[in-house]
Amino acid sequence: MAFARKRLRPFHAEPPITPSLATATHGQILRTLIFVASALLVLAGFLHSTARAQGAPRGAAAESGFGTFVSGLWPEAQSRGVSRQLFDQIFSGMTPDMSLLKHSSKQAEFVKPVWSYLSGAVTASRISQGQDMAKRFGQVLTDVERRYGVDRYVVLAIWGMETSYGQMTGGKNVVRSLATLAYGSERRDFFRNELLIALTILQQGHIGYGQMNGSWAGAMGQTQFMPSSFMKYAVDYDGDGHKNIWTSIPDAIASTANYLAGYGWRRGETWGYEVVIPSGFDFSAHEPQTGRSFPQWAGLGVRRADGEAMPSGGEASLFLPAGARGPAFLITPNFRVIKSYNNSQAYALGVAILSDRIAGAGSLAAKWPTGDKPLTTAQAMEMQRHLNRLGLDAGKVDGKIGEQVQTAIRAFQKRRGLTPDGYATVSLLEQMRSHR
C-alpha cells in the first residue's frame, strides 16, 4: 500500500503538461498514453490492495468471485444428491450479503459482562411466556421428556433463549447466508459444509427454499439448528413425513431434546444449583474441571442457596462466572451438555437459570459485582497476550475470556498469592503489565 501511494503522489500533485492532439507528435501522444495507462494500473493495484486489507471482496469483484465460488460448489453438491434443477433455481441471480461478515465479533454472550447478558436473557416476559408454553404443550413435553430423558424446562428455556418461543427466528435466507460465509468468512470450510447440508435438506423436501429462513450464521427454525445438527438430530415428531423445525413446534421440541440427549444428557439429573461458599474456603483446591460428589461438597461446608438439601447422588464442579465475589454454582455434566448448544458459559447459565425460573424457582440469592469495570475487547486481548508471554497458555488472542483463558488466569493468580477464581478484571490486567 505504501508503494502505491508513493507512485500515485506525482500523478496527483504534478500532472504533466499534455499537448493537444492537434499539435502533439506521435511520440508525445504515445508517451502520454503510456503514462495514463501506468497510472491507471497503479490505481487499480491500490484499490485491490485496499480491498484485501479490509478483509473481503467488494462490489462487482465480490459478485464475480462469488459466481466462481458457486460454479465450484456444484460438483460437491451433485455428489451429495442435489439435482441440477434445484441448484440452478437456488443460485440463479444470487449475490453475496457481505454485511454478514461483521457479525461474528459482536455476539452478546461473548462481549457483555455476565450479569448484563443475563438481565437481557432471563426476563419476566420470557419466564411468563415459558410458563404459558409449558401449559400449551404439556402433553408433547411430557412425552418428549419420557422418550429422551431431558428436563422439559431446559428444552423450554433453549426455545425461549434462541427465538423467544418462535417470535424471532431470523429473517435471513439460510442458503444465501451460508453461501456468503462460505465464500468470504474466515471459517470458509465450516460454512461450506453447512451450506452443502442445507442444500441436501432442501433436496429431501423437509422445507421449501423460500421458507428456509434463520439467523445471519445459518441457524434455523424455532430452536436454531445449524444444518449439520438438523441432519443428526431433527425429529418428525408429528408424523407428517417432514422434520419441520420452522413451523412445527412439536418437531422443534422433540428435536431439541434429541440433540441434548445425543450430547450426553444424564436422565434424572439437574444442571446444578446456586450455592453458598463458606468463609475461608480454599479455592485453589477446586479447579472447574474437578468434580466431586454432592455429599463431598456438603462436607466442605458448601450449601444450596435455596436451603434445600444436596442430592445424595451425582457429582458437580464449582463454577464462579464473576469470581469469588459473585454468585457461585455447582454444575453437573448436564451444564456442559447445555453449553454444547452454544459454546458460551454465559449462554449455558442463562438457559439454566431461565429453566429454573420457568419451573417456579425464585431469583438468584447472591448479587453480581456490578461495580467491577468489565474488560474491553482490546483489554481482554492484551490480557491473553500477557498470559501467553508468561508461559500460561491462554490460546488464540481473540478477546474472548473462555475456559482456557480462565485456567491461565487462575495459574497467574496462584503465582501472585491471589484468590484463584479465574475472574478477569482491570486490576488484574494492571498486575500482569508489571509482572515479569
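Since every read-out is calculated from the coordinates, none of them should be taken as a lab result. Predicted model, so just to flag it, every value in this text is computed and none were measured. All Cβ positions, glycine included, derive from the backbone under ideal geometry; neighbour counts span all protein chains shown.
Which far-off residues, 5 or more places away or on another chain, put their amide H under 5 Å from the one on VAL275, with H placed in the peptide plane?
ALA305, ALA328, PHE329, LEU330
Arrange the following residues from fewest to most other Cβ atoms within 10 Å of their Cβ: TYR165, TYR273.
Sorted ascending by nearby Cβ count, the order is TYR165, TYR273.
Once amide H atoms are built 1.01 Å from N in the peptide plane, which residues 5 or more positions from ASP97, or in another chain, come under 5 Å H to H?
Distant-sequence amide H within range of ASP97: THR180.
Mind listing the long-range amide H neighbours of GLY422? Cut-off is under 5 Å, sequence gap 5 or more, other chains count too, H placed in the peptide plane at 1.01 Å from N.
Distant-sequence amide H within range of GLY422: ARG410.
Where the centroid of each part is defined by its Cα atoms, how far is region 138-161 from region 403-436 in Å?
Centre-to-centre distance over Cα atoms comes out at 40 Å.
Taking the Cβ of HIS386 as the center, what net charge do the other residues with Cβ under 12 Å away carry, scoring Lys and Arg +1 and Asp and Glu -1?
+2
So which trypsin sites (Lys or Arg not before Pro) in region 99-198 end up in coil per DSSP with only 15 or fewer other C-beta atoms within 10 Å?
Sites meeting the loop and neighbour criteria: ARG187.
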